[in-house]
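Chemist: Here it is, the structure, as structure tokens.
All of the numbers you see were taken from the coordinates with simple rules; none came from a lab. No experiment lies behind these values; they were computed from the predicted model shown. Ideal geometry is used to build each Cβ from the backbone, glycine not excepted, and the neighbour counts take in all protein chains shown.
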Amino acid sequence: MITRRAAIQSLGLLGAGTLLERVNRVFAMTNERSVWVMPDEGEPHQRTWMAFGIKKKIWGSKLFHEVQRNLVTIALTIAQYEPVSMLVRQSDVAVAAQLMGSKVELIVCPLDDIWVRDSGPVFVVSEDGDKAGVDFNFNGWGEKQDFDHDAEVASFVTQRIDVRRIQTNMILEGGGIEVDGQGTAIVTESCVLNENRNPGVSKVQCERELRRLLGLEKIIWLPGIKGKDITDGHTDFYARFARPGVVLAGYDSDPKSFDHAVTKRHLEILRTATDSEGRRLEVVVLDAPSKVREEFASDDFAAGYINFYVCNGAVIAPEFGDARTDAAAKRELQRVFPGREVVQVNIDGIAAGGGGIHCTTQQEPKV
């Protein structure tokens with residue numbers, strides 16, 4: 001029961017020709033060794049970035065206020081452990097200030113939606129202590145939703161904090177890649193090799209460019225699944241590193257779910273995979289809940305525990321009202337993150353829209 005985000009109140013799939021015209025250019029690939037490395041999420045953060053960008057025409061009236069409350073809950077929970085900078089449209093500043101007070105920094109920025117994990121920069125650092133943000137050319141998950149404003153978020157954030165913006169011809173979202181900070185990544189083919197992002201680009205080309213951008217040495221490819229949710233199967237709903245050599249993976253035990261077969265296959269791949277150091281991965285399985293609270297239950301409800309967020313001193317994770325699996329998820333998270341407090345929060349509105357805590361956050365590393 002891990003079902004995820006359809007194109008909520010979809011604004012319509014834009015013409016495929018538009019995408020092909022925009023990406024029909026030389027895919028800039030080099031064999032140069034990267035001077036940049038994407039840190040593990042568990043490394044110290046400067047802050048967390050979020051986006052207060054809810055729109056009724058996307059979310060609908062029923063979810064609108066609940067999603068606002070969920071975003072505020074996530075932001076205020078994280079703010080107990082590290083600074084939070086919240087992007088917010090000018091028209092929403094007053095309500096955001098009322099809901100969060102001075103505990104969260106509000107920064108005016110045009111927005112289309114709340115998914116800063118995908119629209120924001122993917123931060124990287126160098127051995128010399130420099131920091132930069134990779135702009136992966138957010139295109140609304142293959143032009144499934146309006147993205148004109150969100151396409152500029154990565155550029156806006158890097159300018160705001162005065163760090164270099166690293167450009168690429170690759171189209172990808174932050175939720176589509178998971179790293180251990182020591183050269184290993186997990187990536188879903190259904191996302192990055194999708195014709196709606198990188199038409200005609202091979203796996204070898206993608207690997208070469210991701211190595212250049214993120215300092216990778218080994219990529220573990222999971223198949224994912226296309227067309228079942230708006231993201232085409234982001235990695236951060238399937239598998240996450242707790243630390244190098246240890247991966248938390250989701251499993252959907254419901255044979256009627258489209259995620260049943262794919263999560264079973266992912267577990268098979270991960271259990272035989274090795275990381276960049278040649279270590280066999282320890283795979284910790286988090287079963288999806290068998291039930292959720294009825295008020296916001298839907299076919300698009302993202303009922304999985306993998307989309308947690310690691311911040312300074314804590315892991316912010318969802319709970320869904322299934323006492324057995326909620327408790328099991330918290331127990332396993334506490335075991336694999338022994339130095340952090342595990343805090344579970346209700347995100348039913350966001351989950352009803354097919355997303356999770358990780359989707360709404362983007363860490364900025366401290367250097």
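Chemist: Compute the length gained on full extension between Gln334 and Thr272: take 0.36 nm times their separation in residues and subtract their Cα-Cα distance, giving the result in nm to one decimal.
Modeler: Taking Gln334 through Thr272 to full extension adds about 19.9 nm, to one decimal.
Chemist: Relative contact order for the chain: what is it in percent, counting Cα pairs under 8 Å that are at least 6 residues apart?
Modeler: 25 percent.
Chemist: In whole angstrom, how far apart do the alpha carbon centroids of the range 196-213 and the range 323-363 sit?
Modeler: Using only Cα atoms to place each centre, the spacing works out to 31 Å.
Chemist: Using only the Cα atoms of the range 233-280, build the gyration tensor, take square roots of its eigenvalues as a ≥ b ≥ c, and label the shape rounded, prolate or oblate: rounded if a/c is under 1.5, else prolate if a/b is larger than b/c, else oblate.
Modeler: Working: a/c = 2.93, a/b = 2.02, b/c = 1.45.
Prolate shape, in that a/c is at least 1.5 and a/b is the bigger ratio.
Chemist: Among Leu106, Val122, Val95, pick out the residue whose Cα is farthest towards the positive end of the charge dipole of the range 24-134, where Lys and Arg carry +1 and Asp and Glu carry -1 on C-beta, about the Cα centre.
Modeler: The residue sitting farthest along the positive end of the dipole is Val95.
Chemist: Would you give the gap between the C-alpha center of the range 217-261 and the C-alpha center of the range 33-105, rounded to a whole Å?
Modeler: 24
Chemist: Rounded, prolate or oblate for the range 223-333? Axes are the square roots of the Cα gyration tensor eigenvalues, ordered a ≥ b ≥ c, and the cut-off for rounded is a/c under 1.5.
Modeler: Note, shape of the range 223-333 comes out oblate.
Chemist: What does the helix-only formula give at 222 nm for the chain: each DSSP H stretch with n ≥ 4 adding -39500 (n - 2.57), the total divided by the residues, and the result rounded to the nearest 500 deg cm²/dmol?
Modeler: -8500 deg cm²/dmol
Chemist: By counting other Cβ atoms within 10 Å of each Cβ, how are Tyr305, Tyr81, Tyr238 ranked from fewest to most?
Modeler: Final ranking by Cβ density, sparse to dense: Tyr81, Tyr305, Tyr238.
Chemist: Within the range 242-264, what residues put their amide N at less than 15 Å from the label point 7 Å along the Cα-to-Cβ vector of Asp299?
Modeler: Once the point is set 7 Å along Cα→Cβ of Asp299, 256-259 turn out to lie under 15 Å by backbone N, inside the range 242-264.
Chemist: Further question: Using only the Cα atoms of the range 268-353, what are the Rg and Dmax in Å?
Modeler: Expressed in Å, the Cα Rg and Dmax of the range 268-353 come to 14.6, 46.
Chemist: Here is a further query. Once both labels are modelled 7 Å past Cα along the beta-carbon direction, what's the Val285-Lys366 spacing in nm?
Modeler: According to this spin-label approximation, the distance is 3.7 nm.
Chemist: Can you give the charge dipole size of the chain about its Cα centre, rounded to the nearest 20 debye, using +1 on the beta carbon of Lys and Arg and -1 on the beta carbon of Asp and Glu?
Modeler: 180
Chemist: Okay, moving on. What ranking of His45, His358, His234 emerges when the number of other C-beta atoms within 10 Å of each C-beta is taken as an exposure proxy, fewest first? Let's see the in-between values first.
Modeler: Working: His45 22, His358 25, His234 30.
Sorted ascending by nearby Cβ count, the order is His45, His358, His234.
Chemist: Can you pull the one-decimal nm distance between simple spin-label points at Leu76 and Asp148, each 7 Å off the Cα toward Cβ?
Modeler: 3.5
Chemist: Right, another one. In nm, give the distance between the simple-model label positions of Ser155 and Glu43, each being 7 Å from the Cα along the Cα-to-Cβ direction.
Modeler: Each label point is offset 7 Å from its Cα along the Cβ direction, giving 2.7 nm.
Chemist: How would you rank 327-340, 170-183, highest first, on the average number of other Cβ atoms within 10 Å across their residues?
Modeler: Put in order of decreasing packing, that is 170-183, 327-340.
Chemist: Percent of Cα-Cα pairs per 20 Å bin, from 0 to the last occupied bin, for the chain, please list those.
Modeler: Percent of pairs per bin, in order: 32, 63, 5.
Chemist: Right, next: How would Cys109, Cys311, Cys359 line up from fewest to most surrounding beta-carbon atoms within 10 angstrom?
Modeler: Placing the least packed residue first, the sequence is Cys109, Cys311, Cys359.
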